[in-house]
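Chemist: There's a structure below that I have some questions on.
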Amino acid sequence: MPFFHYKAASSTGEVSEGDFEARDMAAAIQRLQSDGLIPIRVEPFQSKLEKPPTFFSRGRIGQNQIGDLTRELSTLIRSGLPLDRALEILIGLAQTPPATEMLMSIRNDVRGGSALSNAMEKYPRAFSNFYLGMVRAGEASGALGPVLERISEFMERSKDLKETVKSALIYPTILVAASVISVLLLLVFVVPQFSQMFEQSGKALPLPTQLVIGAGNAVRSYWWALPLGIFLVYRYFAWQMREHDRRLVWDRRFLNLPLAGDLLTKVEIARFARTLGTLLTNGIPLLPALGIVGDTINNTVIASGVAAAREQLRAGQGLTKPLMAQGIFPQLAVHMISVGEETGRLDEMLTRVADVYDREVSLAVRRLLALLEPVMILGLGLVIGGIIVSILLAILKVNSLVG
């Protein structure tokens, strides 16, 4: 049987830590509960040895950390511990100094009489508007523990969606990098060996060979221009993305891209539906919920559509017609939302929309990769093949002149 590492709290709030053997994760949790402990963190023994924070992560609190803290805080509160005592336990479990400092500040504010949501507002980079809105709803309804659990589940689903897209981009990224490096090696090290021989022949070379040799000379002489060009392009796009009107133009172009635009739309619709559905489930009214949702959407075109729908909703219309009028949202999503409005189960239907489009994203990623991989391999073959053919043409011409 596998071993598990655990951290658990007693009914008095004392934290214990250790390892034991169990059949599976569920059996490990059940064993802790039967011993009168509150499981905070249970994981396979191999994952106990976590990497220390890197230089780049020491000053930041990532969303993965926030997700873990949220899940653990929910477990402790639902087990009956007071909020300040639960925060005290989390301080002892924090893995980085920034997380410890943040939790200590939140605990001190809570002990001073501040609401948890107000204490978290001091850290906008860690806690989004969505997160704060959900916590306020939990505080107002007296169900903070269950609400934190829903936030944790939402963050886990969002993380899974991001990981799906990131994992799909790993192979194309490696392929592009290998292609660029291969071409640069040919131009910098291989082509010059032949160009010296061609120069000694004193004869005019074929145009393809001249172009390849010229490209090799340019790369060797102006290699510094490549990183400089990449940096300038990055700065240009960063500047474009900071200006709302220019970003709106670029985001619209992204949505109109073949295949990739459809994928981007489905990712944003899944995020929109799951965020709005989660907010409505926890008692936040539709109008303020739409305001929170607009801040979670990355594409400004879709965010503008949500803002326009919110204004029309404020004027007395339902949600379906404004979304339909924007012409951005897929027909399937709009019709499912319409059914939810008509049946009075909008939150449930939005969750179903999110599930549908999560699956659609996975399918769209597979389709995109199925097309992208052969295209990139073919492009790399054509570039390298063109370089080799240009060299062979020059060799044949020199040999024919010599003969």
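Chemist: Within region 244-261, can you find the residues that are closer than 9 Å to ASN299 by Cα and of a type in the set (Asp, Glu)?
Modeler: Answer for region 244-261, where residues must be closer than 9 Å to ASN299 by Cα and of a type in the set (Asp, Glu): just ASP251.
Chemist: Against the definition (at pLDDT below 80, of a type in the set (S, T, N, Q) and touching a helix residue (DSSP H, G or I) at 6+ places or on another chain (Cβ under 8 Å)), how does GLN95 come out, yes or no?
Modeler: So GLN95 passes the test.
The rows are residues; the columns are (1) within 30 Å of ILE384 (Cα to Cα); (2) touching a strand residue (DSSP E or B) at 6+ places or on another chain (Cβ under 9 Å); (3) modelled with pLDDT of 80 or more.
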| residue | (1), (2), (3) |
| --- | --- |
| ASN129 | no, no, no |
| LEU132 | no, no, yes |
| VAL147 | no, no, yes |
| VAL165 | yes, no, no |
| LEU169 | yes, no, no |
| ILE174 | yes, no, yes |
| ALA177 | yes, no, yes |
| SER182 | yes, no, yes |
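Chemist: Right, here's the next one. Give region 142-180 a look and list any residue that's surrounded by 14 or more Cβ atoms within 10 Å (Cβ to Cβ), among the hydroxyl-bearing types (Ser, Thr, Tyr) and under 16 Å from LEU264 (Cα atoms), or say none.
Modeler: The answer is SER158, THR164.
Chemist: Would you be able to say whether some residue in region 390-399 is in contact (Cβ under 8 Å) with a residue 60 or more places away in the chain, over 26 Å from PHE154 (Cα atoms) and surrounded by fewer than 17 Cβ atoms within 10 Å (Cβ to Cβ)?
Modeler: yes
Chemist: So, GLY283, is that one farther than 29 Å from PRO146 by Cα, assigned by TED's automatic domain parsing to the domain that holds ASP251 and not hydrophobic (A, V, I, L, M, F, W, C) or not?
Modeler: So GLY283 fails the test.
The values are calculated or read from the model by the stated rules, or taken from the named source; none is laboratory data. Computed from a predicted model, the values in this text were never measured in an experiment. Here the Cβ is made from the backbone with ideal geometry for all residues, glycine too, and neighbour counts use every protein chain on show.
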